[in-house]
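J.: After the structure tokens below, expect a handful of questions from me.
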Amino acid sequence: MSDNLPTVILVMGVCGCGKTTIGKLLADRLEGTFLDADDFHPQENINKMSQGEPLTDDARWPWLDEVACTVRKFKGSGPLILACSALKQSYRDRLGLRQSHIIFLHGTREIIRNRLSSRQEHFMPSRLLDSQLECLEEPRAAISISIDATPNDIIKQITSALREKRSNCG
């Protein structure tokens, strides 16, 4: 499946939608490399979010710039699967992923809040979900996937959609 795929596949959505889980599984399936944008947050951002304070755009720009720089330097043989909230179009533009596929993971507020409440060892508290949903600008040209299926079923949906896009492009 790894032939003719874009170099970068963005897995995006609000906190708790499964970006990391799905991104890692997708990277394994496509024999690619997984990169989690959360790993690039400066400690100041992590502290703010841990305390339930939403990030401002000014706090996000340096973080997004560092992620974008890392993506530009990627030299792997397979696709790079990037898990990043990328909630606004301006954030996706800042990442510079114009030739990439976007996987938009979405679900109900209830499902996502339940996931956030049950996860351990992550800096993002469930009380930030509402601010993320308010900030979200759904991408237009994305593969839109509901998170109410199992991770393996979600991966099947994504890989099928990627194959279909590839066959439609020539």
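The values are calculated or read from the model by the stated rules, or taken from the named source; none is laboratory data. Small disclaimer: the values here were computed from a predicted structure and weren't measured. Note that we place each Cβ from the backbone using ideal geometry, even for glycine, and neighbour counts take in every protein chain shown.
J.: Are any residues in the range 132-145 loosely packed, with under 13 Cβ neighbours inside 10 Å and either at positive phi or not acidic (Asp, Glu) (or both), and if so, which ones?
T.: Our first condition is that a residue be loosely packed, with under 13 Cβ neighbours inside 10 Å; within the range 132-145, this holds for 134, 137-138, 140-141.
140, 141, listed by residue number.
J.: Please count how many residues of the range 139-154 are farther than 18 Å from residue 7 by Cα and touching a helix residue (DSSP H, G or I) at 6+ places or on another chain (Cβ under 8 Å).
T.: Number satisfying all stated conditions: 8.
J.: Out of the range 57-105, which residues are in contact (Cβ under 8 Å) with a residue 40 or more places away in the chain, β-branched (Val, Ile, Thr) and over 16 Å from residue 136 (Cβ atoms)?
T.: 71, 81
J.: Would you tally the residues in the range 21-76 being among the basic types (Lys, Arg) and under 20 Å from residue 131 (Cα atoms)? Talk me through it step by step, then tell me what you get.
T.: So the first thing to find is which residues in the range 21-76 are among the basic types (Lys, Arg), and the list is 24, 29, 48, 60, 72-73, 75.
With under 20 Å from residue 131 (Cα atoms) added as a condition, the list becomes 48, 60.
Qualifying residue count for the region: 2.
J.: Looking at this structure, is residue 5 surrounded by 15 or more Cβ atoms within 10 Å (Cβ to Cβ), farther than 22 Å from residue 138 by Cβ and modelled with pLDDT of 95 or more? Working first, answer last.
T.: Numbers: surrounded by 15 or more Cβ atoms within 10 Å (Cβ to Cβ): yes; farther than 22 Å from residue 138 by Cβ: yes; modelled with pLDDT of 95 or more: no.
Against the criterion (surrounded by 15 or more Cβ atoms within 10 Å (Cβ to Cβ), farther than 22 Å from residue 138 by Cβ and modelled with pLDDT of 95 or more), residue 5 does not qualify.
J.: Any chance you could count how many residues in the range 32-56 are within 18 Å of the chain's Cα centre (by Cα) and either touching a residue at least 40 places away in the same chain (Cβ under 8 Å) or surrounded by 16 or more Cβ atoms within 10 Å (Cβ to Cβ) (or both)?
T.: Going through the range 32-56 one residue at a time, the tally reaches 14.
J.: Are there any pairs, at least 6 apart or on different chains, whose C-beta atoms fall under 8 Å, with the first in the range 142-170 and in a helix (DSSP H, G or I) and the second of a type in the set (Ser, Thr, Tyr), and if so, which?
T.: As it stands, the answer is 151/21, since those pairs meet every condition given.
J.: So how many residues does the range 114-141 have that are modelled with pLDDT under 80 and assigned to a loop (DSSP other than H, G, I, E, B)?
T.: 7
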